[in-house]
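Structure first, commentary second.
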Amino acid sequence: MNRTMHRHIVLLIVALAVSVASYGQKFPERRHIREGNGLYEKQRFADAEKSYRRALQKDSLSVEGAFNLGDTHYATENFAAAEEQFRKVAERKEGVSDAQRAAAYFNLGNAQFQQQKLDEALESYKQSLKLNPSDLEAKFNYAYTKAMKDQQDQNQQNQNNQNNNQDQQQQDKNNQQQNDQNQQNNQDQQQGQNDQQQQQQPEEPQGDKPKPSEQGEQQQPQAGPSKENEQLLNAVQAAEDKTRDKVDAEKVVGVARSGKNW
């Protein structure tokens, strides 16, 4: 009995060994994936990446190996490489379940979000929710990204309005400067015309104008009557006095009373 049981145990061990060997031959990448998962949990991301790459060398179609390789890129903040890796899994035509594809789109959205590709991230979260509508994390990330995108759009609109106002103010300033320049040019042109007209006026003849000394002599008043003129004036005044006396005497005679008593 004991020998029979022992024989069965030995046969079971042999059968298990054969099964493991067959499984290893059928899925040669599994050992490297398990090794990479252990290293990933220890946050040895560079070593985990090497293990996942070895797994993909064994089976280039390994969804788990490709997905986990994207995780190592994301953990080391190589978001561009993570985006490329998750996109390969999400857009693969065959060999990917809906759950795997939904997870790939979710991680793809996260990698795009980290690069500020908000429009693309929103589309990736949307695709993930189509495949897994009950994913609360995908719903939260979509709503959070949408709110951030709306805020960015509003800030951009405000900045555009501010730039437009500044451009308008600058245009108004340029117009004012141009108007000032035109006004100054008009003033300069008018002044030039006035100067030209003054230059074209005929000059007074030279030599005909009396010299200042001659003007002074011509306009200088006589200091007083000469002696000869003074004698003449005295004679005229004496004749006038005689005539006035004669007239006055005649007036006295004409108006005198006769002495009679009327």
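The values are calculated or read from the model by the stated rules, or taken from the named source; none is laboratory data. It should be emphasised that the depicted structure is a prediction, and the values quoted were computed from it without experimental measurement. Note that each Cβ is placed from the backbone with ideal geometry, even for glycine, and that neighbours are counted across all protein chains shown.
A few comments on the model shown:
- Selection status of R3, among the charged types (D, E, K, R), assigned to a helix (DSSP H, G or I) and modelled with pLDDT under 95: yes
- Residues being at pLDDT below 95, assigned to a helix (DSSP H, G or I) and either β-branched (V, I, T) or exposed (fewer than 12 other Cβ atoms within 10 Å of the Cβ) (or both) are represented in region 26-35 by at least one member.
- Test: residue in region 147-165 that is under 30 Å from N107 (Cβ atoms), assigned to a helix (DSSP H, G or I) and of a type in the set (D, E): yes
- Residue in region 112-128 that is free of Cβ contacts under 8 Å to residues at least 60 places away in the same chain and under 20 Å from Y40 (Cβ atoms) present: yes
- Answer residue from region 93-103, given it is in a helix (DSSP H, G or I) and crowded, with 16+ Cβ neighbours inside 10 Å and is farthest from the chain's Cα centre (by Cα) among those: Q100
- Taken over region 104-134, the criterion of being farther than 22 Å from A75 by Cα and either in a helix (DSSP H, G or I) or not hydroxyl-bearing (S, T, Y) (or both) is satisfied by D119, E123, K126, Q127, L129, K130, L131, N132, P133.
- The set of residues in region 38-89 being of a type in the set (S, T, N, Q), free of Cβ contacts under 8 Å to residues at least 24 places away in the same chain and closer than 17 Å to N107 by Cβ consists of N78, Q85.
- Residue in region 77-92 that is closer than 21 Å to T145 by Cα and not in a helix (DSSP H, G or I) present: yes
- No other residue among Y142, Y125 is crowded, with 19+ Cβ neighbours inside 10 Å and over 16 Å from E91 (Cα atoms) apart from Y142.
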